[in-house]
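The values are calculated or read from the model by the stated rules, or taken from the named source; none is laboratory data. This structure is a prediction, so every number in the text was calculated from the model and none was measured. Every residue, glycine among them, receives a Cβ derived from its backbone with ideal geometry; neighbour counts consider all protein chains shown.
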Amino acid sequence: MNPGLKDEKMKKDLIDITDLTTEEIDELIAVAEDIVKTPEKYSEVMRHRKIATLFYEPSTRTRFSFESAMLDLGGSVIGFSSPTECSVSKGESVADTARTAACFADVIAMRHFKDGAAFVAASNVDIPVINAGDGGHMHPTQTLTDLFTIHMEKGGFDNLTVGLCGDLKYGRTVHSLIAAMARYKGVKFILISPDELKIPEAVKTDILEAQKLDYIETDNLEEVMPQLDVLYMTRIQQERFRDQASYERLRDVYILDNKKLESAKPDMCILHPLPRVNEIAVEVDEDPRAAYFRQVRNGKFVRMALIMKLIAAYDSAKEKGETLEKPSQDNAEEFPKNILRCGNSRCISGIEQGLKPLFKKTESGYRCIYCDTKGTRNG
Ligand code: NCD
């Protein structure tokens with residue numbers, strides 16, 4: 001039924017890249033490579049299966065690649081590409097919209113402007129939910145795309161020096177990529193951003209410091225360029241700024257051009273999740289090191305592998321009369337809002353009806369289970 005995939009127990013959903021073990025990531029990359037070589041082997045495996053793409057936020061690559069992935073597996077697609085197209089515009093909750101999609105589809109891919117939205121969807125349905133980007137939080141399938149591309153371009157992950165440049169605060173792809181690359185041996189991170197757009201505290205304490213990773217923070221791209229094996233450029237996330245003036249001040253802070261690339265390694269690989277605004281000059285597209293359009297193409301192959309894997313795990317559990325576990329709320333504690341509340345104004349817990357404010361205890365205090373932000377104590 002699913003060529004090349006092991007029938008093993010895995011999580012029902014992909015909400016955060018850490019939902020996948022390193023072995024599972026390696027397997028997805030190996031299957032994606034095989035799909036590139038022999039696409040015909042996979043062209044019917046998802047016959048009569050459907051993906052629901054629930055996109056509350058604009059997308060070009062992510063939605064196209066999810067939909068093409070399912071179509072190239074012989075399946076079909078339902079969904080919406082804007083919340084104005086469905087009952088969301090009437091005020092329907094994420095939970096109810098997900099439950100409705102689950103009546104018709106075998107898997108859901110959801111993009112939402114609120115952090116933690118995919119977690120809420122996954123907690124309310126039995127079928128697999130894939131986080132296609134939740135606010136400024138996480139974007140695990142972009143990370144699978146990035147990993148697959150790094151694997152294709154560099155042959156592996158160990159001992160790479162990875163420069164992440166631009167909006168490290170709101171850029172969700174960066175948060176997921178750090179969590180994934182952190183697992184490989186000898187990886188060094190160079191975090192390049194202006195002070196206002198530095199990596200969030202949660203990523204720093206929970207991943208970089210907790211795992212004692214080698215990382216430095218700087219605002220100077222030119223200075224670190226010669227050290228880099230991979231340069232991951234990102235867009236300044238205009239839509240997540242509270243005031244336009246700060247965006248205007250920071251928008252063109254890094255522009256990669258041919259001149260700046262003169263000091264880069266001849267085999268450095270340039271990635272960008274896209275869309276780009278101004279951060280990579282068009283002249284760079286001709287440089288053989290520019291891998292960002294190859295990266296777009298790669299996104300479909302890893303998503304094909306992921307859809308097969310999640311549906312295979314779901315089918316196998318169903319056959320055995322089991323149900324796969326929903327996102328963990330283990331040890332989560334509920335606090336009245338006047339005692340502790342999520343400190344993140346972009347968290348789904350601020351808008352979703354009936355959602356319990358739940359927190360998990362971590363070494364650095366209580367964190368919201370939906371968006372990982374520290375709880376704010378009142379009084
Ligand atoms: C990214 C996203 O939506 O987070 N794009 C993508 O999915 N390929 C990056 C961005 O919007 O800047």
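Within segment 101-143, restricting attention to residues that are within 11 Å of the ligand (Cβ to nearest atom) and in a loop (DSSP other than H, G, I, E, B), the residue that is surrounded by the most Cβ atoms within 10 Å (Cβ to Cβ) is H137. The listed residues are R49, R111, R99, and the only one of them that is touching a residue at least 12 places away in the same chain (Cβ under 8 Å), in contact with an Asp or Glu (Cβ under 7 Å, 6 or more places away or on another chain) and over 26 Å from D146 (Cβ atoms) turns out to be R49.
Yes or no, residue by residue, for (1) on the phi < 0 side of the Ramachandran plot; (2) not polar (S, T, N, Q):
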residue: G116; (1), (2): no, yes
residue: I130; (1), (2): yes, yes
residue: T145; (1), (2): yes, no
residue: G166; (1), (2): no, yes
residue: V174; (1), (2): yes, yes
residue: G186; (1), (2): no, yes
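Looking across segment 162-201, the residues that are within 20 Å of D252 (Cα to Cα) and among the charged types (D, E, K, R) come down to D167, K169, R172, D195, E196, K198.
Between V77, V162, the distinction of being touching a Phe, Trp or Tyr at 6+ places or on another chain (Cβ under 6 Å), among the aliphatic types (A, V, I, L, M), outside any helix (DSSP H, G or I) and away from the ligand (no atom under 13 Å from the Cβ) belongs to V162 only. Answer yes or no: is there a residue in segment 277-290 that is in contact (Cβ under 8 Å) with a residue 40 or more places away in the chain and buried (at least 19 other Cβ atoms within 10 Å of the Cβ). Yes, the conditions are met somewhere in segment 277-290.
Filter segment 40-56 down to the residues that are basic (K, R) and outside any loop (DSSP other than H, G, I, E, B), then identify the one that is nearest to the chain's Cα centre (by Cα).
K50
Residues in segment 170-185 that are within 17 Å of the chain's Cα centre (by Cα) and free of Cβ contacts under 8 Å to residues at least 40 places away in the same chain were compared, and the one that is nearest to the ligand (Cβ to nearest atom) is R172.
Taking the stated definitions as given, is F66 of a type outside the set (S, T, N, Q), outside the structural domain of Y184 (by TED's automatic domain parsing) and under 25 Å from E153 (Cβ atoms)? Answer is yes for this residue.
Across segment 277-317, the qualifying residues are those that are outside any loop (DSSP other than H, G, I, E, B) and of a type in the set (S, T, N, Q), and the one among them that is nearest to the ligand (Cβ to nearest atom) is Q295.
Which of the residues belonging to segment 57-74 are in a loop (DSSP other than H, G, I, E, B) and more than 16 Å from the ligand (Cβ to nearest atom)? Spell out the reasoning first.
So the first thing to find is which residues in segment 57-74 are in a loop (DSSP other than H, G, I, E, B), and the list is 57-60, 73-74.
Of everything in segment 57-74, those that are in a loop (DSSP other than H, G, I, E, B) and more than 16 Å from the ligand (Cβ to nearest atom) turn out to be L73, G74.
Can you spot a residue in segment 295-304 that is polar (S, T, N, Q) and at pLDDT 95 or above? Let's see the steps before the verdict.
Taking segment 295-304 as the starting set, the residues that turn out to be polar (S, T, N, Q) are 295, 298.
Imposing the further condition that a residue be at pLDDT 95 or above reduces the set to 295, 298.
Yes, there is a match, as at least one residue in segment 295-304 is polar (S, T, N, Q) and at pLDDT 95 or above.
Output yes when any residue across segment 253-274 is over 30 Å from E363 (Cα atoms), assigned to a loop (DSSP other than H, G, I, E, B) and at pLDDT below 95, and no when none is.
Residues of segment 253-274 that are over 30 Å from E363 (Cα atoms), as a first pass: 253-274.
Restricting the remaining residues to those that are assigned to a loop (DSSP other than H, G, I, E, B) gives 253-255, 257, 262-268, 272-274.
Then drop every residue that is not at pLDDT below 95, which leaves 253.
Yes, the conditions are met somewhere in segment 253-274.
Picking from residues in segment 253-276 that are closer than 26 Å to F148 by Cβ and surrounded by fewer than 17 Cβ atoms within 10 Å (Cβ to Cβ), the one that is farthest from the ligand (Cβ to nearest atom) is P266.
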